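Visitor: To start, I am sharing the structure in question, which I have written as structure tokens.
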Amino acid sequence: MRQIRRVTGVLMCAAAFACLAQTPAKKGNSNVKKQAFGKLPDGTPIELYTLSNANGMQAGIMTYGGTVVSLTAPDRGGKWADIVLGMDDLAGYLKGVPFFGAIIGRYGNRIGNATFKLDGKVYNLPKNDGDNTLHGGPEGFDKRVWKAKTGGGADGPSLELTYTSKDGEMGFPGALSATVVYTLTAKNELKIDYTAKTNKDTVVNLTNHSYFNLAGQGEGDNLQHQVTINSDRFTPVDKGLIPTGELRPVKGTPFDFTKATAIGERIGQNDEQLQFGKGYDHNWVLNKDAAGLTKAAEVYEPKTGRVMEVWTTEPGLQFYTGNFLDGTIHGKGGKVYGLRSAFCMETQHYPDSPNKPGFPTTELKPGSTYRTTTVYRFSAK
């Protein structure tokens with residue numbers, strides 16, 4: 001569900017990033033380190049923060065787009081590897097990448113026909129995905145510079161990022177003040193807490209767009225990854241990948257991941273929905289038996305033994321299998337990112353919810369606070 005946008009201009013970049021997060025921190029060293037990561041064409045400096053926990057896990061996050069640039073996890077033998085797609089430096093991101101690791105907003109996923117109605121008023125948004133608006137538009141939160149503040153507590157080191165989206169930015173009503181806190185816990189979790197407030201009625205749907213390969217970034221395709229999704233229904237889409245409004249049972253379809261199933265087992269089936277998405281690029285309706293944090297999915301990579309669990313307070317999960325990666329992007333360390341070389345699990349409200357009154361609402365009103373949490377937990381077996 002990704003679209004590559006190219007940006008040109010003169011820029012200054014720091015040294016290549018390729019090996020920064022490959023070496024684990026020393027035992028007991030839990031902190032946050034800051035370094036320059038280049039400048040935007042207008043001279044705005046971009047910073048990279050590296051969070052490290054006592055186990056040796058690291059997460060590199062930059063202020064441009066609030067982007068997760070790197071994330072390490074151990075395999076069953078204790079070997080660490082960077083498991084998210086990304087670029088060596090800021091220049092690589094500015095040349096155009098499909099939302100690698102970025103904070104997505106003001107509205108994650110698609111809004112059909114680039115328009116919605118709120119309080120009786122029609123709002124027209126920029127089209128950046130055919131006739132639709134994708135991930136907040138061509139200058140969404142992934143293209144913004146976030147203010148950073150480091151911290152830490154009992155859970156582990158953290159990075160607080162803030163950004164205020166002006167009233168009317170990308171066509172959305174209301175000034176939205178957003179805060180995203182990344183915490184790297186002692187349990188080898190990357191915890192992401194999102195909050196937002198507005199001064200006018202608006203819609204909001206924030207998520208993170210990391211591309212994962214549990215074998216290591218650039219280490220082949222994802223077809224052997226075994227996926228479990230805690231969902232009995234998904235939202236089928238039309239040719240433009242906009243939900244039809246139906247909540248369709250997964251039973252008897254290629255979308256049934258209620259039991260661990262390899263990504264490649266059914267992705268090539270002659271199924272209309274798979275053809276529309278060129279693979280999996282759909283929203284699953286999570287089985288929520290509680291209002292709080294619940295387990296949404298688990299992914300197991302058999303070669304390395306790495307396991308990723310996804311826990312969230314959100315009602316939906318967009319599972320995307322890198323169907324539009326085509327080998328033209330050379331990422332960290334010169335690795336080629338080919339077809340299905342990673343997958344995404346974007347926790348969210350459903351796509352096009354502002355136009356689907358039967359879906360859980362994404363409306364936010366003044367005086368209320370948008371709150372959501374997602375945890376990516378890593379282990380090996």
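The values are calculated or read from the model by the stated rules, or taken from the named source; none is laboratory data. Computed from a prediction, not measured in an experiment: that's the story for all the values here. Virtual Cβ from ideal backbone geometry, glycine too; neighbours counted across all protein chains shown. When the accessible area is computed, the model is the full protein with side chains, heavy atoms only, and any ligands, DNA or RNA have been set aside. Shrake-Rupley method; radii C 1.70, N 1.55, O 1.52, S 1.80 Å.
Visitor: Kindly evaluate Gly105 against the criterion of being open to solvent by less than 10 Å² (accessible area, probe 1.4 Å), of a type in the set (Gly, Ala, Ser) and touching a Ser or Thr at 6+ places or on another chain (Cβ under 8 Å).
Guide: yes
Visitor: Is at least one residue of segment 265-274 basic (Lys, Arg) and in contact with a Leu (Cβ under 9 Å, 6 or more places away or on another chain)?
Guide: Yes; the residues of segment 265-274 include at least one that is basic (Lys, Arg) and in contact with a Leu (Cβ under 9 Å, 6 or more places away or on another chain).
Visitor: What single numbered condition from (1) open to solvent by 10 Å² or more (accessible area, probe 1.4 Å); (2) without any contact (Cβ under 8 Å) to a residue 60 or more places away in the chain fails to hold for Gly60?
Guide: (1)
Visitor: Counting just the residues of segment 291-301 that are among the hydrophobic types (A, V, I, L, M, F, W, C) and open to solvent by 50 Å² or more (accessible area, probe 1.4 Å), which one comes out modelled with the lowest pLDDT?
Guide: Ala291
Visitor: Can you tell me which residue is farthest from Asn55 (Cα to Cα) among those in segment 354-381 that are open to solvent by less than 30 Å² (accessible area, probe 1.4 Å) and assigned to a loop (DSSP other than H, G, I, E, B)?
Guide: Phe359
Visitor: Restricting to segment 195-216, count the residues that are open to solvent by less than 10 Å² (accessible area, probe 1.4 Å) and either closer than 24 Å to Gly86 by Cα or part of a loop (DSSP other than H, G, I, E, B) (or both).
Guide: Qualifying residue count, segment 195-216: 12.
Visitor: Something else about it: How about segment 217-243: which of its residues are part of a loop (DSSP other than H, G, I, E, B), under 28 Å from Gly112 (Cα atoms) and open to solvent by 80 Å² or more (accessible area, probe 1.4 Å)?
Guide: Once the filter is applied, which keeps residues that are part of a loop (DSSP other than H, G, I, E, B), under 28 Å from Gly112 (Cα atoms) and open to solvent by 80 Å² or more (accessible area, probe 1.4 Å), segment 217-243 yields only Lys239.
Visitor: Next question, about the same structure. Pick out, from segment 275-340, the strands (runs of 3 or more DSSP E) lying fully within it that include 3 or more residues that are more than 24 Å from Thr253 (Cβ to Cβ) and touching a strand residue (DSSP E or B) at 6+ places or on another chain (Cβ under 9 Å).
Guide: Answer list for segment 275-340: 306-312.
Visitor: Same structure, new question: So His330 fits all but one of (1) touching a helix residue (DSSP H, G or I) at 6+ places or on another chain (Cβ under 9 Å); (2) more than 20 Å from Val68 (Cβ to Cβ); what number is the exception?
Guide: Of (1) touching a helix residue (DSSP H, G or I) at 6+ places or on another chain (Cβ under 9 Å); (2) more than 20 Å from Val68 (Cβ to Cβ), only one is false for His330: (2).
Visitor: What about Leu247, is it touching a Gly at 6+ places or on another chain (Cβ under 9 Å), open to solvent by 30 Å² or more (accessible area, probe 1.4 Å) and of a type in the set (A, V, I, L, M)?
Guide: Spelling it out, Leu247 is indeed touching a Gly at 6+ places or on another chain (Cβ under 9 Å), open to solvent by 30 Å² or more (accessible area, probe 1.4 Å) and of a type in the set (A, V, I, L, M).
Conditions tested, residue by residue: (1) more than 28 Å from Thr195 (Cβ to Cβ); (2) assigned to a loop (DSSP other than H, G, I, E, B).
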position	(1), (2)
Thr50	no, no
Gly56	yes, yes
Ile61	no, no
Ala73	no, no
Gly78	yes, yes
Pro98	no, yes
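Visitor: Out of the residues in segment 151-192 meeting the condition of being open to solvent by 40 Å² or more (accessible area, probe 1.4 Å) and within 21 Å of the chain's Cα centre (by Cα), tell me which one is nearest to Thr347 (Cα to Cα).
Guide: By that ranking, first place goes to Lys191.
Visitor: Here's something else I'd like to know. Kindly provide the set of residues from segment 240-277 that are in contact with a Phe, Trp or Tyr (Cβ under 9 Å, 6 or more places away or on another chain), touching a residue at least 24 places away in the same chain (Cβ under 8 Å) and closer than 24 Å to Leu134 by Cα, ordered by number.
Guide: Those that are in contact with a Phe, Trp or Tyr (Cβ under 9 Å, 6 or more places away or on another chain), touching a residue at least 24 places away in the same chain (Cβ under 8 Å) and closer than 24 Å to Leu134 by Cα: Gly240, Leu241, Pro243, Gly245, Leu247, Phe255, Ile267, Gln273, Gly277.
Visitor: Checking Asp131 against (1) closer than 30 Å to Phe324 by Cβ; (2) in contact (Cβ under 8 Å) with a residue 40 or more places away in the chain; (3) within 21 Å of the chain's Cα centre (by Cα), which single condition isn't satisfied?
Guide: Of the numbered conditions (1) closer than 30 Å to Phe324 by Cβ; (2) in contact (Cβ under 8 Å) with a residue 40 or more places away in the chain; (3) within 21 Å of the chain's Cα centre (by Cα), the odd one out for Asp131 is (3).
Visitor: Suppose we filter Thr328, Thr321, Thr304 for residues that are within 21 Å of Thr207 (Cβ to Cβ), hydroxyl-bearing (Ser, Thr, Tyr) and either touching a residue at least 60 places away in the same chain (Cβ under 8 Å) or open to solvent by 30 Å² or more (accessible area, probe 1.4 Å) (or both); which single one remains?
Guide: Thr321
Visitor: In this structure, is Ser341 closer than 16 Å to Gly216 by Cβ and either of a type in the set (Phe, Trp, Tyr) or modelled with pLDDT of 95 or more (or both)?
Guide: yes
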